[in-house]
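To start, the structure itself, in structure tokens.
The values are calculated or read from the model by the stated rules, or taken from the named source; none is laboratory data. Note that the structure is a prediction, hence the values are computed from the model and not measured. Please note: Cβ atoms are built from the backbone with ideal geometry, for glycine as well, and neighbour counts cover all protein chains shown.
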Amino acid sequence: MGISGMDFVNESTTTRSDLPCLEIPVPLCVDGRRYIAGLRLNSFEHLRRQQVGLGAATSTGLLHALWELPYGISFPKRSFSEMDCMTLMEADDRWVEHSGNDFIRMYQPAGAIKWISASDRSLARAVNKAASHPPTIRRTAIWNTSTDGRSPKATATLLKATLLGVGVLAFDGIRTHELVGPGEAVRGRPAVFRWWQAELAYRNWISRITPTE
């Protein structure tokens, strides 16, 4: 992960087959909280969407319905609740195809969020911002500071970050120093939540790479 998470991948690489290995830093806002997120792009789905003229799928209702439908398999409509069935019936056929009395999911997630970072001039605020995201991904607080983090107050906050599994980087405007390593991601939220986050990040990313008139 980059120091500030603000250096974007070269836009000329957006159609390369090795993109799933890249983690693209993208601004992300979830429940009013702002982060920089590392989006590991699904380049094959990205290419498919470019070819058929699709953007991001950010509707939580649609994503919940799609989550109930296995990818690429013809599945009977009677297996779904009335609400999910109606949602899928009304969905763009580039997300889900209709085959007689069956649905076939064409949608795949745009990618996956692998990490988030949050920065602040206050160490405590930076840690709290990063910790506000569920620990389903790596979380890092970036502390914009000119100190070395050796004060008693900073020591206590760094201990808190360690207990929360939040990594801490101190950035003095020129260099960064890792004060605490980020904890490993843990399972917790349903996959549909991760889909939604990835779609939000994908929407923000394609808005940056789409040429303007």
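Can we say Ala57 is modelled with pLDDT of 95 or more, assigned by TED's automatic domain parsing to the domain that holds Tyr202 and hydrophobic (A, V, I, L, M, F, W, C)?
Yes, satisfied.
Give the residue that is surrounded by the fewest Cβ atoms within 10 Å (Cβ to Cβ), with candidates limited to residues of the stretch 166-201 that are farther than 21 Å from Leu28 by Cα and charged (D, E, K, R).
The selected residue is Arg175.
Report, ordered by the first and then the second residue, all pairs with beta carbons closer than 9 Å, sequence separation of six or more or different chains, a first member in the stretch 174-202 that is within 30 Å of Asp84 (Cβ to Cβ), and a second member that is at pLDDT below 90 and assigned to a helix (DSSP H, G or I).
From the stretch 174-202, no pairs qualify.
Please work out if Gly165 is at positive phi and not assigned by TED's automatic domain parsing to the domain that holds Leu54.
Yes: the conditions hold for Gly165.
Does the stretch 128-163 hold any residues that are buried (at least 18 other Cβ atoms within 10 Å of the Cβ) and of a type in the set (A, V, I, L, M), and which are they?
Ala130, Ala131, Ile137, Ala141, Ile142, Ala154, Leu158, Ala161
Yes/no matrix, rows are residues, columns are (1) in contact with a helix residue (DSSP H, G or I) (Cβ under 8 Å, 6 or more places away or on another chain); (2) of a type in the set (Gly, Ala, Ser):
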position	(1), (2)
Ala65	yes, yes
Asp102	yes, no
Trp115	no, no
Arg150	no, no
Ala154	yes, yes
Arg175	no, no
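Can you name the residue in the stretch 85-105 that is part of a loop (DSSP other than H, G, I, E, B) and in contact (Cβ under 8 Å) with a residue 24 or more places away in the chain and is also farthest from Gly181 (Cα to Cα) among such residues?
Ranking the qualifying residues of the stretch 85-105, first place goes to Asn101.
I'm checking my understanding of the structure. Among residues of the stretch 128-166 that are part of a strand (DSSP E or B) and more than 24 Å from Ala191 (Cβ to Cβ), which one is nearest to the chain's Cα centre (by Cα)?
Looking at the filtered set, the residue picked out is Ala141.
For the stretch 77-102, what are the residues that are touching a Lys or Arg at 6+ places or on another chain (Cβ under 6 Å) and either under 17 Å from Leu63 (Cβ atoms) or surrounded by 13 or more Cβ atoms within 10 Å (Cβ to Cβ) (or both)?
Result: Cys85, Val96.
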